[in-house]
Every structure is written in structure tokens, then in C-alpha cells.
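**Q** I am attaching a structure below and will ask some questions about it afterwards.
The values are calculated or read from the model by the stated rules, or taken from the named source; none is laboratory data. Predicted, not measured: the structure shown is a model, and the values here were computed from it. Cβ atoms come from the backbone with ideal geometry, glycine included; neighbour counts cover every protein chain shown.
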Amino acid sequence: MSEESINGYRMYYEVQGDGSPLVMIHGGLGGGEGSASMVQHHAGVFSGDYQFICYDRRAAGKSETPSGGYDLPNQVQDLRALLDRLEVTHAHVLGSSAGGPIAMRFALDYPEMIDSLLLINTMSYNSQPERRARQNELDNLLSNEAAHGRTSAVEQALEARQPTLRHDDPDRFSNLSQINLERFDGIVMSIRAYLDIGESIESRLAEINMPTMIVHGDADATIPVECGIDLHQRIPHSEFHIFPGAQHGLMANEPRRMANMITEFLEELTIRQG
């Protein structure tokens, strides 16, 4: 594990194992625990055969909350700068949820660096219903801050995302609330940056020509399965898998099934290319 200035902010990242690099980009729009869950569930599984790489994005996990740089092109540069720092010239790249647009844009901007692309419960961020949902989240966050104060606004936003967390795990609710309170400005800038994505990814999805696997749960209420279907229809020759009854957060909620599917995809890819 390391922490250093990369592309203008103090980035926390972890590298474990040897072999072909496998980069995992966590979800969330600022705040939260960053890549901790990915490391917990997947580092041990993949570091035996791959160089497992995870990092905390701006205003997330153990990374700092810089005053700017949240636009998608610059977040792509965050990843590029990290790989340059690690002297990684090509990798399998996985993007989960809000990590997906970074992975897709990286694949579009640097196709020569992508061995394969894995898109887990994510979307292009051009779906109007989902854009409205994110805009409503931002509007509610800011209006609650103005009416009730920042602490209350953060707690209400967390409850909206995870309605049972305060009751089920009050300590974790308190911890996440404190993290998000400290990262409030970064959360606001992150949401605005993703609202600005528009059709910049969707209009170019047909350009993605590397091996691509898309996985979605059909009970996902955060990013509906239709968003995954749309990616599959727009990305040529992509694989698409549905987890029946699965909700959002497959990397954390279905870690064994996801690890098996990722392993099978990468092994089959090695055989085909070998």
C-alpha cells in the first residue's frame, strides 16, 4: 500500500502480486470507503495470478479531497498517471458502478493499454432517468444542507442510499457519515462531474473493440439492468451476464460469483490469445 501525489492529488493505492496487471476502479461519487471493499474481497483471490491494482479516487477512501480535477477526462488521467508511475503499459481494467465511466473513457482514449474491459453494474451516464436521479440526489443534498446543516444533509443522503444501515450497523453508519461530512465538497464536485458526462461516452461506445464483459444484477435499483443491456448492445462483440435477483454492488455483495466469472473470462481470453 502506498500514498503519494499523483496527477495533482494525494492518492492512496494498493498493488499486490505479480503477473498480468488487473486494475479495479471502485464506484461511488465521492466519500465512502473507496477501494477498501475491493481489496477485502478480491485482492487475495487475484494477487496469486495477477498484479492486482486498486486506488482510491478523488475524495474517496484514504485519498485526499482536492479542490478540483473531478471532470471525467482528468479522472482518466489519474488512472493513466498511476499506471505510468507503476510502469504498467497494459492491463485488464475493471470498472464497477461509477468506476465504469472511467474504465470506458480510458479504453476509448488509450485502447493500446487495455487487454480487456470489465464493466460491472455500470452505465454510460447518458440515460435521462438516471441523470435525473443523480440530479435529484445533488439537489436534495444541497437543499438539506441549506435547511438543516451539513451534518444532517450527509446523514439523510446516506439513509437514502442505504435505508437500513443506521439500524443494522450504527457504528458503520456513523463512520461513513463522518467520512462523507469531511468529503462533502468533493462529493458535490463528483456528482456534478458525472452529470457533465452527457453523451461523451455513449456516442463512442461502438469504438470499443477490445474483449469486453458486462455484468449486471436484474434487481439493481441504483443502476437498472437496462443500462447494462444498453452497453452490451452498443459495444461490439461484448459478453453480457445477468445475476438473477442481484442488487447493486455485485463486487461486494456477490464476491465469490463475481470472482469466478472474472477468472473464467480472463482464463478463456488467455487461451484464445495464446
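**Q** If I ask for residues that are in a helix (DSSP H, G or I) and β-branched (Val, Ile, Thr), which ones from the stretch 226-263 would you list?
**A** Residues satisfying the conditions are 229, 262, 263.
**Q** Here's a follow-up. How many of the residues making up the stretch 211-226 are among the hydrophobic types (A, V, I, L, M, F, W, C) and touching a Ser or Thr at 6+ places or on another chain (Cβ under 6 Å)?
**A** Summing the residues that are among the hydrophobic types (A, V, I, L, M, F, W, C) and touching a Ser or Thr at 6+ places or on another chain (Cβ under 6 Å) in the stretch 211-226 gives 1.
**Q** Tell me, which residue of the stretch 158-190 that is touching a residue at least 24 places away in the same chain (Cβ under 8 Å) and among the aliphatic types (A, V, I, L, M) is surrounded by the most Cβ atoms within 10 Å (Cβ to Cβ)?
**A** Once the filter is applied, the top-ranked residue is 187.
**Q** If I go through the stretch 152-197 residue by residue, how many of them are of a type in the set (Ser, Thr, Tyr) and within 21 Å of residue 129 (Cβ to Cβ)?
**A** Summing the residues that are of a type in the set (Ser, Thr, Tyr) and within 21 Å of residue 129 (Cβ to Cβ) in the stretch 152-197 gives 2.
**Q** Which condition does residue 213 not pass, out of (1) farther than 21 Å from residue 38 by Cβ; (2) assigned to a strand (DSSP E or B); (3) among the aliphatic types (A, V, I, L, M), if it passes all the others?
**A** (1)
Yes/no matrix, rows are residues, columns are (1) touching a helix residue (DSSP H, G or I) at 6+ places or on another chain (Cβ under 8 Å); (2) more than 18 Å from residue 116 (Cβ to Cβ); (3) at pLDDT below 95:
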| site | (1), (2), (3) |
| --- | --- |
| 7 | yes, yes, no |
| 15 | no, yes, no |
| 27 | yes, yes, no |
| 31 | yes, yes, yes |
| 42 | yes, no, no |
| 46 | yes, no, no |
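**Q** Mind counting the residues in the stretch 106-149 that are touching a Leu at 6+ places or on another chain (Cβ under 8 Å) and loosely packed, with under 15 Cβ neighbours inside 10 Å?
**A** 1
**Q** Going through the stretch 128-185 one residue at a time, which ones are of a type in the set (Asp, Glu) and closer than 21 Å to residue 249 by Cα?
**A** 130, 137, 155, 159, 168, 169, 171
**Q** Would you please name the residue that is surrounded by the fewest Cβ atoms within 10 Å (Cβ to Cβ), looking only at residues in the stretch 50-70 that are under 29 Å from residue 265 (Cβ atoms) and hydroxyl-bearing (Ser, Thr, Tyr)?
**A** Among those that are under 29 Å from residue 265 (Cβ atoms) and hydroxyl-bearing (Ser, Thr, Tyr), it is 50.
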